[in-house]
Each structure stands twice: as structure tokens, then as C-alpha cells.
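This report refers to the structure that appears directly beneath it.
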Amino acid sequence: MVKPAYSVVEHLAKSIWLSRWRDGYFAVFSAYFDASGAETDKQVKYVAVSGFIAHTDIWIEWEKNWLDCLERYGILNEKGLPEFHMAECANYTYSFKGWDKREQDRQSLLRELIEIIKVLGRKASCVINIELFKKHIDADLREDFFFSGAYVLGGRACAARVREWCKQCNSPIFSQVQLFFEQGDGKVLQTDLRDRFLGDEFPEPFFRHKRNKYSKSGELIEERLIPFQAADVLAYLTNINAKFSERGHWGDKEKIRWMYEDLSQMAEQTVVFSEADMKGLNELMRVSRNNPLNPA
């Protein structure tokens, strides 16, 4: 099996912060976020944006433990690299084809992975009802405030939770936190997310892939970021929990419900936008846009 010669997480930290990346004052914290739920799919009711924040040293150690665990269980992609995707595990597809007859092994793997994730210590997650978003956030305001989709609102909410945590702890400094989002949720949505961040004086987000990108000739173009696999787990579980929230039972996914409950014990709680929240946000943006004293 081909293994990376270095940690991409470490490489990015060094590229951005150069020799200061291990300096106590310039403590390098990174947050990695992924989304679950395609807004263009009429069958999808919710969008969840979720991820974790930790010091780069913790991410480097986490990555090693994560990949070692996947390798031991033989969870490999078509290139022979250890790679985990929660939807595949939940639905017994790809690497998990036939695992419906290996439930004990699946549960054992998942328990190991959850324990590895919990070392990260802090999460940020947001789930949004797409129908309520479209119903209560006026189209003109979505355009003016760069909220082209629920994904943007979810990503902005997650970053805001990271900012609040930075304020409470006085370290790290929010402007120095690296915010990574998995690239692949639509160019318009992610361009708006960037513009929304810059408009709110948030750090500019980095967009990277959770799978290796290859040229048509098979040459590696961009190496994947492993931490997105942890974000993928939380985003998927958050979306499924919202989907089945009114039923009290996860149907054929009930056997993985414990994962969400375990991760829910980590700080922070999931941000959920209610109908009242949507109406209030719409009114706030309307007033802000029409306020003659607003410099914007």
C-alpha cells in the first residue's frame, strides 16, 4: 500500500505559517468541515455542515491513528489507500460491501474510529431545513448577503461557533485559525461562503479535497486532507439525526445511532435554525440593508 511520505496537515501548516507554526504565540489551530445533503436534490430535506477544531500537532497524531485503524480493518479505496466515508459504511457499499454479514466487525471498527475522533476535543456543527431556508430567507437578501444556499448559512454558523470559542478561551486568536472546507459542494455556494466570511471579517476559508485528485493520465494533482473524513462522519450523522428527529427511531440506520449520541457529548452543541430563527434572520438582514446609517 502506498503511504504519504509526510502529513499533508503538517505541510499546510508549515506553508501558511512558515517557521512560526510551532511558536506558542502563533499556535496553529485548524478546523475541517464537510457537508451532508445536496440542496439540488428535491428528496433531501436537510443540509448539515460539521467539523472539528484542534491544534495541528493533535491533527498530525490523529491522522496517523486514523489511517492505522483503517488499514488494520482493510478499509481501502481503489488506489489501495485507507479511506473512510460514513455513507458507504452506513449503506454497506464500496469498501463495506458484504459487511451486513459482518456487523460485529463493523461495530468494532466504528467504536475505534469514534474514540480516535473524540481525542480532537471540540466540534462545530449546524443543520438547516432547506425548505424553511428557502421559504423564509427572501431571494433578494440571499443574493445581497451571499446566502445562495443553506450550505453558506451552515458554514458561517460553524465558523461563528469557532470564533466564540476563541473569545472564551483567549487562545487561539480567531484570525489565525485555519478554516478548511471540503471542496465539492458547488462553486457558487463556496464562492458565496468565502465572500460571506470576508464580509464578516472572518479568516478566508481554504477549499481542499477529501479524495486525491488525479489527472486523466493518473498523475496526482492534489493530495487529500484526511481530517475531512472525521468531518464527513459528523456531518452524515447530524443530517441523519435531523431526518429521523420526529420518528424517534433511525430505521435501518438504528445500529449507528449510538455514534451520534457519543459525539454529541463533545463540546459544542449542534446549531439548529428553527422557523423563528429563519424569520428573525430575514428581518435582521432586511433592516440592515435598508438602514441609511449602515455603511454597507
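The values are calculated or read from the model by the stated rules, or taken from the named source; none is laboratory data. Please read these numbers as outputs of a predicted model, since none were measured by experiment. A quick note on method: Cβ atoms are made from the backbone with ideal geometry, for glycine too, and the neighbour counts reach across all protein chains shown.
Restricting to region 209-219, name every residue that is within 16 Å of the chain's Cα centre (by Cα) and in contact (Cβ under 8 Å) with a residue 40 or more places away in the chain. Reasoning before the result, please.
Residues of region 209-219 within 16 Å of the chain's Cα centre (by Cα): 209-211.
The answer is LYS210, ARG211.
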Being among the hydrophobic types (A, V, I, L, M, F, W, C) and in contact with a Leu (Cβ under 8 Å, 6 or more places away or on another chain) is the requirement here; does PHE273 meet it? yes
Cβ pairs under 6 Å, 6+ apart, first in region 114-131 and touching a residue at least 24 places away in the same chain (Cβ under 8 Å), second assigned to a helix (DSSP H, G or I) and of a type in the set (S, T, N, Q): ILE116/ASN65; SER125/THR238; VAL127/THR238
Restricting region 252-278 to residues that are out of contact with any Asp or Glu (no Cβ under 8 Å at 6 or more places or on another chain) and more than 22 Å from ALA35 (Cβ to Cβ), the residue that is surrounded by the most Cβ atoms within 10 Å (Cβ to Cβ): TRP258
Among the candidates ALA48, ALA38, ALA90, single out the residue that is closer than 30 Å to ILE130 by Cα and at pLDDT below 95. ALA38
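Of the residues ALA124, ALA160, which single one is part of a helix (DSSP H, G or I), touching a Phe, Trp or Tyr at 6+ places or on another chain (Cβ under 9 Å) and closer than 30 Å to GLU61 by Cβ? Full working, then the answer.
Details: ALA124 fails: part of a helix (DSSP H, G or I).
Going through ALA124, ALA160 in turn, the sole match is ALA160.
Determine whether region 100-108 contains at least one residue that is more than 22 Å from VAL162 (Cα to Cα), touching a strand residue (DSSP E or B) at 6+ places or on another chain (Cβ under 9 Å) and assigned to a helix (DSSP H, G or I).
Quick first cut of region 100-108, residues more than 22 Å from VAL162 (Cα to Cα) only: 100-108.
In the following step, the residues that additionally are touching a strand residue (DSSP E or B) at 6+ places or on another chain (Cβ under 9 Å) were identified as none.
No: region 100-108 contains no residue that is more than 22 Å from VAL162 (Cα to Cα), touching a strand residue (DSSP E or B) at 6+ places or on another chain (Cβ under 9 Å) and assigned to a helix (DSSP H, G or I).
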Every residue from region 166-202 that is at pLDDT 95 or above, exposed (fewer than 14 other Cβ atoms within 10 Å of the Cβ) and not in a helix (DSSP H, G or I): ASP200, GLU201
Condition first: touching a residue at least 40 places away in the same chain (Cβ under 8 Å) and touching a Cys at 6+ places or on another chain (Cβ under 7 Å). Can you find one or more residues in region 271-287 that meet it? yes
Before we move on, is LEU109 on the phi < 0 side of the Ramachandran plot, touching a residue at least 60 places away in the same chain (Cβ under 8 Å), surrounded by 13 or more Cβ atoms within 10 Å (Cβ to Cβ) and not charged (D, E, K, R)? no
Which members of region 244-256 meet the condition of being assigned to a helix (DSSP H, G or I) and without any contact (Cβ under 8 Å) to a residue 12 or more places away in the chain? GLY251, ASP252, GLU254
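Every residue, every condition in (1) surrounded by 15 or more Cβ atoms within 10 Å (Cβ to Cβ); (2) assigned to a helix (DSSP H, G or I); (3) free of Cβ contacts under 8 Å to residues at least 12 places away in the same chain; (4) touching a strand residue (DSSP E or B) at 6+ places or on another chain (Cβ under 6 Å), yes or no:
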residue: TRP62; (1), (2), (3), (4): yes, yes, no, no
residue: TRP66; (1), (2), (3), (4): yes, yes, no, no
residue: ARG72; (1), (2), (3), (4): no, yes, yes, no
residue: GLU78; (1), (2), (3), (4): no, no, yes, no
residue: PHE84; (1), (2), (3), (4): yes, no, no, no
residue: ALA90; (1), (2), (3), (4): yes, yes, no, no
residue: SER95; (1), (2), (3), (4): yes, yes, no, no
Given (1) in contact with a strand residue (DSSP E or B) (Cβ under 6 Å, 6 or more places away or on another chain); (2) under 24 Å from GLN190 (Cβ atoms); (3) crowded, with 20+ Cβ neighbours inside 10 Å, where does ALA54 come up short, assuming only one miss? (1)
If PHE146 satisfies all but one of (1) surrounded by 17 or more Cβ atoms within 10 Å (Cβ to Cβ); (2) at negative phi; (3) more than 15 Å from the chain's Cα centre (by Cα), what's the number of the condition it fails? (2)
